[in-house]
Amino acid sequence: MPAETSTEKIRVERKGAVAVFTIHRPEALNALSDELIAELLEKLEAADRDPEVRVHVLTGGPKVFAAGADIKGMANATAAEMNRKDPLGQWDRFSKLSKPLIAAVNGFALGGGCELAMNADLLIAGEDAVFGQPEILIGVMPGAGGTVRLPRLVGRLRAMELLLTGRRLPARVALEWGLVNAVVPSGQVLAEALRLASEIAAQPAEAVRQIKAAVREQLDMSVPQALPAERKRFYGLFDTADQKEGMAAFVEKRKPKFTGK
Ligand code: CAA
């Protein structure tokens, strides 16, 4: 893969208990090189370990969230090279993040950009956002979860339409299809994502963690497996201070004061 001109492609900013990650590689429309994804993962994982951080927000530029994997970087690779290097293997680490990840998407989220957004637990899109898996148009198929996550989010038939034609999905239709949580005016995407993040950051931390883990885990389980696994997580929360506080506050008809313990 070609060397990049400057090293930092991911900007990180803390806003209270929310860590905001901005993809910044404007010269290539935020194309997701292996180095960029490695940097993003390292920074996300560091924030995931930081007890002060409760929620991650991932955003891109005002016109492009991310234009996909770096086509120029892989155009001449052979199948043997791709298999040996397994450049997309590192993407599996996104699903191991324990804290909620919110994607705030403006403009194009295509190919790997759409796949990256689909790794989020919640997705806020601007009115100008455009989603799609156009890999078919350049002779390949998605390799970072497009054929796996898209059908689970929008259903098999709609996913097939996007995957087999490479058509682009405007934000309003993405909302109707269940690919995004909300569509807001383009200038308000990050503000809306931060509002949502702050609301979640104020919830009892261990319950948030368990809910994310339960929802993620049960997607790979049958219902008879998933229900006892959920119960176990529910019972486990009875050793947290926030459970005692939350239920006591309800009984005493007052607002709970959660401590994250
Ligand atoms: N990889 C590398 N470079 C890219 C890129 C990508 N995915 N997308 C855009 N660029 C580069 C262009 O080559 C161009 O570079 P030069 O200035 O050196 O020519 C620059 O960014 C600007 O791009 P455009 O001139 O094409 O900008 P546009 O505004 O006319 O179009 C766009 C924007 C619709 C996003 C268009 O760039 C595009 O279609 N990009 C490719 C989208 C795509 O096919 N993504 C899938 C990639 S494969 C993948 O993601 C596999 C996977 O599953 C992980």
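The values are calculated or read from the model by the stated rules, or taken from the named source; none is laboratory data. Keep in mind it's a predicted model, so treat the numbers as computed, not measured. Using ideal geometry, Cβ is built from the backbone for each residue, glycine included, and neighbour counts are taken over all protein chains shown. For accessibility, only protein heavy atoms count, side chains too; no ligands or nucleic acids. Shrake-Rupley method; radii C 1.70, N 1.55, O 1.52, S 1.80 Å.
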In segment 90-106, what residues are within 23 Å of residue 136 (Cα to Cα), surrounded by fewer than 19 Cβ atoms within 10 Å (Cβ to Cβ) and either under 14 Å from the mean Cα position of the chain (by Cα) or more than 12 Å from the ligand (Cβ to nearest atom) (or both)?
92
Of (1) charged (D, E, K, R); (2) closer than 28 Å to residue 196 by Cα; (3) touching a Ser or Thr at 6+ places or on another chain (Cβ under 8 Å), residue 49 satisfies all except one. Which?
(3)
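A quick yes/no check of all residues on (1) in the same structural domain as residue 99 (by TED's automatic domain parsing); (2) in contact (Cβ under 8 Å) with a residue 24 or more places away in the chain; (3) buried (at least 17 other Cβ atoms within 10 Å of the Cβ):
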position	(1), (2), (3)
16	yes, yes, no
25	yes, no, yes
29	yes, yes, yes
52	yes, yes, no
55	yes, yes, yes
60	yes, yes, yes
65	yes, yes, yes
71	yes, yes, no
76	yes, no, no
So, in segment 32-45, how many residues would count as being open to solvent by 10 Å² or more (accessible area, probe 1.4 Å) and either within 8 Å of the ligand (Cβ to nearest atom) or within 16 Å of the chain's Cα centre (by Cα) (or both)?
5
Within segment 78-115, residues in a helix (DSSP H, G or I), touching a residue at least 60 places away in the same chain (Cβ under 8 Å) and farther than 21 Å from residue 172 by Cβ come out as 95, 112
Flagged in segment 219-261 as outside any helix (DSSP H, G or I) and either in the same structural domain as residue 153 (by TED's automatic domain parsing) or over 30 Å from residue 153 (Cα atoms) (or both), in numbering order, are 240, 252, 253, 254, 255, 256, 257, 258, 259, 260, 261
